[in-house]
Each structure stands twice: as C-alpha cells, then as structure tokens.
1. Quick check, is residue B:104 of a type in the set (Val, Ile, Thr) and within 13 Å of chain A (Cβ to nearest Cβ)?
2. Pick out, from region B:1-110, the helices (runs of 4 or more DSSP H) lying fully within it that include 1 or more residues that are at pLDDT 95 or above and closer than 18 Å to residue B:149 by Cβ.
3. Cβ-Cβ under 6 Å, sequence separation 6+ or interchain: first residue in region A:31-57 and of a type in the set (D, E, K, R), partner assigned to a helix (DSSP H, G or I). Which pairs?
4. Any residue in region B:36-52 that's more than 7 Å from chain A (Cβ to nearest Cβ): show its pairings with residues that are of a type outside the set (Val, Ile, Thr) at Cβ separation under 6 Å, as long as the two are six or more apart or on different chains.
5. Considering each residue of region B:59-73, count those that are at the interface with another protein chain (Cβ under 9 Å from one of its Cβ atoms) and either among the β-branched types (Val, Ile, Thr) or exposed (fewer than 15 other Cβ atoms within 10 Å of the Cβ) (or both), and give that number.
6. Which condition number does residue B:182 fail, the rest of (1) hydrophobic (A, V, I, L, M, F, W, C); (2) touching a residue at least 40 places away in the same chain (Cβ under 8 Å); (3) part of a helix (DSSP H, G or I); (4) under 30 Å from residue A:118 (Cα atoms) being met?
7. Residues B:24, B:13, B:85: which one is closer than 25 Å to residue B:163 by Cβ, over 14 Å from the mean Cα position of the chain (by Cα), without any contact (Cβ under 8 Å) to a residue 40 or more places away in the chain and surrounded by fewer than 16 Cβ atoms within 10 Å (Cβ to Cβ)?
8. Conditions first: (1) farther than 16 Å from residue B:75 by Cα; (2) touching a residue at least 40 places away in the same chain (Cβ under 8 Å); (3) crowded, with 17+ Cβ neighbours inside 10 Å. Residue B:144 passes all but one, so which condition is the exception?
Amino acid sequence: MTLGQEYLLLVFLSCCGVVQVAAAFGGLRGLLLFGDRRFSVVMGMGLILGSLAWFFWDGGRNIPDTGGGIAGASQFGLFILGGFLALLFTFLATSLTNFRRRPSIDTTDGLLSLRETTFVQALSSNLSTLWKLYRKLTKKYSSG
Amino acid sequence: MEAVSQADEKVFLWINHWVGDFPLFDRAIEWVVSDYLVPVVFSVVLLGLWFGWRSQAMRERHQRGVMLAGIGVGTVSAAVMTMNLFYFRLRPFATHDVEMLFYVPTDSSFPANPVAVTFAMATGVWMANRKMGTAMYIIASIYGFSRVYAGVFYPLDVVGGALIGVVATCLVHLVLKRIEPLPTLCLKVARFLCIA
C-alpha cells in the first residue's frame, strides 16, 4: 500500500470509530452498528486507537511530499474522502443492521430522529414529505 | 526588527541544541511533529463533536463551532498562501547548523502553516466548548513547540502562525454572525438531510 492509501484507511477507520463513540454518547441508536452502547464505545475507541497505532507503528511517517509523502492539499482531499466514505458506510450499514426499527413520527429533528429510526428511513421520510409538499404547492399550476 | 530576529534565532538554537540528549524524548517528538498525527486527531475530534450530544441545543452549539473551525482552516490556509507570495523567510536549517528530527521543507518558514491550522481548529472549538478548546490549544502549542525542537521553524514562526490562526477564525466568527440567516439555513438543510 502507498502512504496515501494507508492514510485514507487511517481516516476511514478512525472516523468510523469516532462516529460510533459519539453516537453512543449522543444516544443515537440508529447510528450504532451494534445495539449495545458500551460495546459501541469500546469498539469505536479500539478503531481509533488501533488505526493510529497501526499507522504510526514505525514512527512519525515524516516523509517529504517530493519523496513519497502526502502534500497538504492532497492530505486535505484524502481526509474529506475518507470521512465521507466512513459516514456513508456508517449510514448504510446501520440502516441495514437496524432495519427493524420503526420510522419515527417526526424525522425533521435531523440527527435526533436517529434515536428512534435509521438514517435511510429518516431521510426517505423527509424526502417524501418534501415531495408531497412540492406536489401540493404546484398542483394548481399544473395542466393535468 | 534585527534584534527581534536575533533573539528569535537564539531561542531557536537553545531549544534545538537539546536534540540528541534525550533519545526517548526525541522519539516522542518525531511522532508529535508528524504532518499526520495532530491534524488527524483534531479532525476526528471535530467529527465527534458534530455527532456526540444528547440535546439539540448542545449539538447545534457544537456544530456551529465545528463549522467555524472548518471555515477558519480554509481561511487560514488561504491567508498563509497569500502571505507567502509576498514574504519568504528561510528555514532555520538553511542558515544554521541544526539537528533535524523532520524532513527538509522547501516553503517559507514564516508563518508556521500547520500551527496556524491547528490553532484555527482549536479556536473554532473553543467558541463552543471552553474545556475542549483549551485542551486543543494545549495540544496545538505542544505541536508548535515540537516543530521548533525538530528544527523546522523559528519560535516566532510558530507564534505568528498561532496568532494568524486565532485572529482569522475570530474574523470568520464575526462574518458568520453578520450573515446570520445563512449559517442557520445551512444547518437546517443538513438537519433535513439527517446529518446535523
């Protein structure tokens, strides 16, 4: 693996870990990969510390970008990509593992609605509400 | 100005001359000084602050802090890039006999860009959470010190970078207040998408 790929993996794993820890503390059950909050905290901390230990095992990785290191702009881009992939993975995986959760009545609370429901259920509920509103508002202007 | 520069160099040489005397400390500094450790840890903390609160009010307060930190980092990076177009200070190793614990960078020594970025993040968080922000300021200061110890920056570069990071983020805070419906609207859109 190149340093860039290793960095991307570090960001992905540590972001997955921190979201699990934060979701456990924030009571966002719909964002937990496993139902148990304590287990999620331990797993999240394990992911963060484990990925950092793996990446920095041989030292500070102090390599210039002219010699295989990662330039500042690329580092920023890789972090955004890794963070995005981690969130996408968490949202999709938790929507699958928690699919038995009932959709919350009010999903307009954003993250708070993920206490009761999953990301996919909450988002689809919000989009459906928006679509209904759009149809209602545009009905009198439509010819059909 | 010359006297300040000479004093800066003296302080730098005094700090850097300890390299090699304490191998374990040097090893620890090689980790702290890394381009990856502190920035990644800070960014992960920002992500945690975005998600990890039980009440909507606390969550929104911290999300505003994270937004501020993010925009602050962008502003600081642009400010440092612009400054480097007009002012270039040679790195310490270019003019002194320096013990290096880091690779040889080629960009301007003043201001210390990585320090400016970490202080911008710390300031954004400090606006929302004093304890966490203070902890981040302390870590950012250690990061800055490690860069001087490793022979990469003069102390004034680090102090300048820290000041630029803090001031730029405070300015962004004022601008965000002036354009107030916009940040709230962004948060509302993010809330609709269930990511805030």
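The values are calculated or read from the model by the stated rules, or taken from the named source; none is laboratory data. No experiment lies behind these values; they were computed from the predicted model shown. Reconstructed Cβ throughout: ideal geometry from the backbone, glycine too, with neighbour counts over all protein chains shown.
1. The answer is yes for residue B:104.
2. The qualifying helices (runs of 4 or more DSSP H) are B:2-16, B:23-32, B:37-51, B:92-95.
3. A:37/A:24
4. Taking only residues 6 or more apart or on different chains, the pairs are B:38/B:143; B:42/B:121; B:46/B:69; B:49/B:62; B:50/B:63.
5. Residues that pass the stated criteria total 1.
6. Looking at each condition in turn, residue B:182 falls short on (2).
7. B:85
8. Every listed condition holds for residue B:144 apart from (2).
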